[in-house]
Amino acid sequence: MEVPTISFEPRPKFQHRYRWHVILFLLTVASTTIAGGFSYSVALLAILGAHEFGHYYYCRRHDVDATLPYFLPAPLPLTGTLGAVIRIKEAFPSTRALFDIGVAGPIAGFVVLLPLLYWGIGQSEVVVIPPNTDVIYFGEPLLVKAAIWWHFGVLPPGSDVQLHPVGFAAWFGMLATALNLLPFGQLDGGHIAYAVFGHRAKFVSMATLAITILLTVRSLSWAMTALLMSIMAFMLGFGHPRIVDEGTPLDRNRRLIAFGALLIFVLCFTPVPIETFFRQ
């Protein structure tokens, strides 16, 4: 008697629901245009798109199944979006694949936002803030401070820079980049930390959450980030999911790139992202 042979075809990878990606993208174009204008929308979606396609490109390079980017429209003032994400559908095959996929997004987004920041600051203007005025202050990362100094020099007392929409898109892109690079959990920075430090990365995640909670004392604009990170820690823990091959360490070039990612974080980070105050 012959025993029938059962063969299992591997599930095809990179099968995309293009309609939903297009619909969400168009809705995000609309919501960001309403929030900040068409030039803001184009600049911001270029930054967010570069970030997510950086991840996606290296998912394809390492044959790790993933979706195309989902852009997230939101009726929020100032931004008009919650950003964009991709969903990775399988375990990372190696430490190097984890690192490449995690670091590629922030680097790609940063490369795109640099010329947009330079141009946007150049199109901005210095305005005098009248006394007895409620002011919304957007924290200035080191990169923004450098760009403002390059274009305008030292600002006169009682004045500030009113950002062009493209400049604001670059600012928001820097904020998103810094948040993604926080070395916590399964954020991009958490992937990088796990690739560099292995299981010790959970202690880095604990310290990052503690620092983020402390930052809420300085600025309540950190409260939502601290809350989301706390929920992630409660539901998923501080550890990173295991990867298939954890035995191959990062090579020298990747460790240099990790240092570059740290530099990007420092340039994009601000301890007070958004603040309101009354100027007397």
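Exactly one of these conditions fails for Leu187: (1) under 22 Å from Val103 (Cα atoms); (2) over 20 Å from the mean Cα position of the chain (by Cα); (3) free of Cβ contacts under 8 Å to residues at least 12 places away in the same chain. Give me its number.
All conditions are met except number (2).
Please state which one of Ile23, Ile47 is over 12 Å from Gly80 (Cβ atoms), β-branched (Val, Ile, Thr) and surrounded by fewer than 21 Cβ atoms within 10 Å (Cβ to Cβ).
Ile23
Exactly one of (1) at pLDDT 95 or above; (2) under 20 Å from the mean Cα position of the chain (by Cα) is unmet by Ile231. Its number?
(1)
Can you find even one residue in the stretch 150-163 that is of a type in the set (A, V, I, L, M, F, W, C), over 17 Å from Glu275 (Cα atoms) and in contact (Cβ under 8 Å) with a residue 40 or more places away in the chain?
Checking the stretch 150-163: not a single residue is of a type in the set (A, V, I, L, M, F, W, C), over 17 Å from Glu275 (Cα atoms) and in contact (Cβ under 8 Å) with a residue 40 or more places away in the chain.
Rundown of residues vs (1) modelled with pLDDT under 95; (2) within 22 Å of Thr248 (Cβ to Cβ); (3) of a type in the set (Ser, Thr, Tyr), yes/no style:
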{"site": "Tyr70", "(1), (2), (3)": "no, no, yes"}
{"site": "Leu76", "(1), (2), (3)": "yes, no, no"}
{"site": "Ile88", "(1), (2), (3)": "yes, yes, no"}
{"site": "Gly102", "(1), (2), (3)": "no, yes, no"}
{"site": "Phe110", "(1), (2), (3)": "no, no, no"}
{"site": "Gly122", "(1), (2), (3)": "yes, no, no"}
{"site": "Ile136", "(1), (2), (3)": "yes, no, no"}
{"site": "Phe152", "(1), (2), (3)": "yes, no, no"}
{"site": "Pro156", "(1), (2), (3)": "yes, no, no"}
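Of the residues Thr216, Thr212, Thr225, Thr177, which single one is of a type in the set (Val, Ile, Thr) and within 12 Å of the chain's Cα centre (by Cα)?
None of the others qualify; the one that does is Thr177.
For residues in the stretch 129-154 being surrounded by 14 or more Cβ atoms within 10 Å (Cβ to Cβ) and over 20 Å from Ala178 (Cα atoms), which is nearest to the chain's Cα centre (by Cα)?
Here the answer is His151.
Anything in the stretch 105-128 that is surrounded by 24 or more Cβ atoms within 10 Å (Cβ to Cβ) and in contact with an Asp or Glu (Cβ under 9 Å, 6 or more places away or on another chain)? List them, or say none.
Gly105, Pro106, Gly109
Out of (1) touching a residue at least 60 places away in the same chain (Cβ under 8 Å); (2) closer than 27 Å to Leu143 by Cβ; (3) in contact with a Pro (Cβ under 7 Å, 6 or more places away or on another chain), the odd one out for Phe265 is which?
Status for Phe265: all satisfied but (3).
Determine whether Ser205 is modelled with pLDDT under 90, surrounded by 15 or more Cβ atoms within 10 Å (Cβ to Cβ), in a helix (DSSP H, G or I) and not aliphatic (A, V, I, L, M).
Answer is no for this residue.
For residues that are modelled with pLDDT of 90 or more and surrounded by fewer than 17 Cβ atoms within 10 Å (Cβ to Cβ), tally how many sit in the stretch 236-251.
1
Among Thr270, Thr276, Thr216, Thr248, which is the only one that is in a loop (DSSP other than H, G, I, E, B) and under 30 Å from Ile129 (Cβ atoms)?
Going through Thr270, Thr276, Thr216, Thr248 in turn, just one is in a loop (DSSP other than H, G, I, E, B) and under 30 Å from Ile129 (Cβ atoms): Thr270.
Of the conditions (1) in contact with a Ser or Thr (Cβ under 6 Å, 6 or more places away or on another chain); (2) surrounded by 14 or more Cβ atoms within 10 Å (Cβ to Cβ); (3) farther than 23 Å from Ile86 by Cα; (4) without any contact (Cβ under 8 Å) to a residue 40 or more places away in the chain, Ala226 fails just one. Which one is it?
(3)
Looking only at residues that are assigned to a loop (DSSP other than H, G, I, E, B) and farther than 30 Å from Gln162 by Cα in the stretch 63-78, which one is nearest to the chain's Cα centre (by Cα)?
Pro69
Specify the residue that is farthest from the chain's Cα centre (by Cα); the eligible residues are those in the stretch 79-94 that are farther than 30 Å from Val244 by Cβ and free of Cβ contacts under 8 Å to residues at least 60 places away in the same chain.
Among those residues, the one meeting the criterion is Gly80.
The values are calculated or read from the model by the stated rules, or taken from the named source; none is laboratory data. The model shown is predicted, which means the values in this text are computed figures rather than measured ones. A quick note on method: Cβ atoms are made from the backbone with ideal geometry, for glycine too, and the neighbour counts reach across all protein chains shown.
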